[in-house]
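Notes for the one structure printed next.
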Amino acid sequence: MNTLEGQVALVTGGSRGIGKGIALGLAAAGATVYITGRTRTEGAGVVPVAGSIASTVAEAEAEHGRILGIVTDHRDDAQSEAAVQRVLEEQGRLDVLVNNAWAGYEGYATGEGEPPDAPFWQKPVSYWDVNLAGPRWSYVVTRSAAPPMVAAGSGLVVTVSFACDPGDPAYGVAKTASNRLVLEWQAALGSHGITSVGLHPGLVRTEIVDLNAQYFDMREAESPLHVGHTVAAMAADREVSKRRGQCFTVAQLAEDYALVDPDPGAGRTTQRKPR
């Protein structure tokens, strides 16, 4: 059922992982979805794992969905702003924004980072910068998307984050910052009819997590598409404003919307570090 027919969404970091799952879930529900990413085609990525804009677009087309890719490096603010402007120029509206782009785990794929369970003092100082870049990217994109949403008097802003236990300072500060942005955006945009929600996946079977599966209990992992179906259900919820300014786990939302993970190999969420 195309519950999001006529809606336009932008998912940052949609060439693989959680972002790809969210984009496919929104497209399956009938939305026209734009994704950003640095990898245009398979094998041409900065990170040596599968996933690209082209493959995400192809998967959506195979299921009769519509995804359009915008090659974007969110480390360049101008490219982030240009991605939002392209959506508006081509569609004239933006109904759903999903802030997902994040590069905190790239070192675990390139071999440049210490193992995920290494103490913070064994990780390079650059690990802090890579993690803290995520909230900035979300800020820049949301700043660009806010004016058309305010003008329309409606919109949903979903920020992918996590509520994590202490132990990894850079990661924890980055996620705490993202969770705070959910509240700040609601305070600034709520009176204009816009709902800001934080989304907390558990452990998700992304390409990079699979590459480091020995550090996780994969029996409790969610599939990226399960996260996508959850976001699509929330976007279609006419009473989603009741969730304004709050953060929810995928498990909570899936239960509320009676959703089951479509990947038979994935289970319920875990409170271990995700993504």
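Every read-out reported here was derived from the displayed coordinates using simple, explicitly stated rules and does not represent laboratory data. All values reported here derive from a predicted model rather than from experimental measurement. No Cβ is skipped: glycine too gets one built from the backbone with ideal geometry, and neighbour counts run over all protein chains shown.
Numbers at a glance
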read-out	value
Gained length - Phe120 relative to Arg219, 0.36 nm times residue gap less alpha-carbon distance	33.0 nm
For the chain, built as a Gaussian network whose Cα springs stay under 10 Å, the top-fluctuating residue of Val98, Val140, Val158	Val140
Relative contact order for the range 8-256, counting Cα pairs under 8 Å that sit 6 or more residues apart, in percent	22
Once exposed loop GluC sites (Glu not before Pro) are cut out (DSSP; at most 14 other Cβ, 10 Å), longest piece of the chain	113-238
Highest-fluctuation residue, Lys20, Lys175, Lys242 considered, GNM on the chain with Cα pairs under 10 Å	Lys242
